[in-house]
Structure formats: structure tokens, C-alpha cells
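The values are calculated or read from the model by the stated rules, or taken from the named source; none is laboratory data. It should be emphasised that the depicted structure is a prediction, and the values quoted were computed from it without experimental measurement. Note: ideal-geometry Cβ built from the backbone for every residue, glycine included; neighbour counts use all protein chains shown. Accessible surface areas use protein heavy atoms only, side chains included; no ligands, DNA or RNA. Shrake-Rupley method; radii C 1.70, N 1.55, O 1.52, S 1.80 Å.
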Amino acid sequence: VYLRALGAKIGKGVTIFSAVPVCTDLLTIGEWTIIRKDASRSGYRARAGRIQTGHVWLGSHVLIGEHSVLDIDTTMGDGAQLGHSSSLHRYQIIPDGQSWHGSPAQRTSTNYKVVEPVAHAMRRRVIYSTLVVFNRLVLVLPLGISLLALGLPPFMSTGVLATAEAFFYLDLLALSAALYFPGITAGLIAVALVPRLLNLFLKPDRDYPLYGIRYLIERWVVGLTNIKFFMQLAGDSSLVVHYLGLIGYKQPGLKQTGSNFGVELKQDNPLLTTVGSGTMVS
């Protein structure tokens, strides 16, 4: 609905998991198309000191893999597929029903539609979207402002903001340390325990419809195990394998070889992930 309001032409049943493109009025998407996470189809590019814009046309029942890029003036026909981490360069066209991958993408026999469609009622989309909007516009922002409004006047009345006093900065340092380090500890406990409890409600090798309670649980698992702060804290160091073990990675016969994982590592469900001994992931 939001993309349509910005000018994009979008058919029925489209599912988009990536960010909003820039030139939305140059985007056309047919019915029942799926765009996976972190896929880019911005509708513009910078070249030779100028900004160029162009259409992106996607047919019906199209599948775009994760981290793939569609340049301007690209087209995917009905039932076409673009594999993960692939790119369509300007003027490239994937004909109806064909599967392409690579950079620049070329035809392949790989079928990326490995999950059979699961029927779900439109009410799931409506209820889930309503809850997301309610959470962000009613609960998170107003509640945070309300708590700040309640707590700030008593805090100001204590006179603690005497910035000319040296003790003010010592008190501020002590308060920051008292909140920061226990906060990190509480966060690590949460990411170690809560996803494991939630994962009890998810069964491997079973397909769940989008926007139901299982989907909501899966999104919680993804959110808790992909907190950027902890990955930036542990990534690119020997700590990372221990952090990954904490959030659920299985690492049999672990051999510490140094900086095994970078800070950009992400996962959908670490509790279903196994990394063999001596493996290097850049």
C-alpha cells in the first residue's frame, strides 16, 4: 500500500522483504511476485557525475533472490527467477519462465523456488500489517516519549545537571557504567535464552504460511539473533565463534583460526545452523 501511494504499480499478492526503492514511480511489479531480503531495485544509478533513472519491470510470479541487484531499464518476465547475490545489468531481460544467476546474470537450470506455495487468507496480511503499524506508531514512539515526559521533570529538579562541578562528570561516568555493562550482560542472556524458547514452536522442514503466529515467532528469532551491536563487538575477532555458539550455532570440533567471521554476518535461525571444523567464513 505504501509503495502504491508513492507511485509504484504493484499487482495482487506481492511480497517484498527488502527496503523501499528510491524511484518508486519507475517500478512495476506483477501479481504474486516475491522479492527477498536485501534485494536492490532503486531505479537510479550514478554514472560519470550524473544521475540516471530508468524503469524496472517485473512480471507475475517472479522470484528475486537475496542480495541481488536490478539496474535501471531491466525486465523480468512472468515466472522468471534471479538467483541470490546476482545482478541484472542495464537492458538485460530475463524471458518468461527462465532462471538466471551470476553477475552479470546468465541463464541457469537452477530452480530457486524450493518452497511450495502455502495458502493463506488475506486477513493474515491485514492483521499483521495493522499490528506492525500499531506497534511502531502507538506503542514504541508515544510510549517512549511519555516515559521521558514523566521522568525528566523529577530528574531536572534534583539539580544534578550542575555541569560546572567536577563531580557531575564522575557521577555521569559511574551512572553510564552502571547501566552499560549490566545492559550488555542482560542483552547477551536474552539473545541466548529467548530465541531457544521461541524456537520450540518452530519445526524444521515444515512450511508455515506468511503473517501467522509462527511467522511472528520467526521474526522475533531473527531480530534477537541479528543485533548489530553484538556482532560488531565480537566480529572480526576470536570472540565471534563463542558468540555464535551462544546464540545457537553448532560448531562440532571447533578450531579457532582467528577472525573467522566478519561483522556483516546475518542468519535467519542460528539454532538450525551447523559450521564444520576448520571452516573459514569471510
Express the accessible area of region 5-152 per residue in Å², computed with a 1.4 Å probe while the remaining protein chains stay in the model.
59
Of (1) 38, 22, 17; (2) 40, 27, 22; (3) 38, 28, 15, which is the value of semi-axes √(5λ) of the Cα gyration tensor in Å derived from the coordinates here?
(2)
Relative to the longest principal axis of the C-alpha atoms of the chain, give the angle of the C-alpha long axis of helix 141-157, reported between 0 and 90° and rounded to the nearest 10°.
20
Surface share of carbon and sulfur [accessible, 1.4 angstrom probe, percent] for the chain:
64
Straight-line reach only, C-alpha to C-alpha below 25 angstrom: list the lysines that residue 203 could link to, leaving out same-chain residues fewer than 8 apart.
37, 113, 250, 266
Give me the percent relative contact order of the chain, please, defined on Cα pairs under 8 angstrom at least 6 residues apart.
8
Between residue 41 and residues 5 or more places away or on another chain, the pairs with built amide H atoms under 5 Å apart involve 70
Take each of the peptides 43-52, 262-271, 205-214, average the number of other beta-carbon atoms within 10 Å over its residues, and list them starting from the highest.
262-271, 205-214, 43-52
Taking Rh as the Kirkwood radius computed over alpha-carbon pairs of region 1-82 and applying Stokes-Einstein at 37 °C with viscosity 0.692 mPa s, one gets a diffusion coefficient in µm² s⁻¹ of 262
Rounded to the nearest 10, the angle in degrees between the Cα long axis of helix 166-199 and the longest principal axis of the Cα atoms of the chain comes to 50
Once phi is turned into θ = phi - 60°, what whole-Hz ³J(HN,Hα) does the Karplus curve with 6.51, -1.76 and 1.60 give for every residue of region 85-96, x standing for Gly and Pro?
6, 10, 8, 9, 7, 3, 6, 6, 10, 9, x, 4
Only residues of region 211-251 count here: report those whose backbone N is under 12 Å from the spot 7 Å along Cα→Cβ of residue 201, or say none.
212-221
Counting only DSSP beta bridges with both residues in the chain, what percent are antiparallel, rounded to the nearest 5?
25
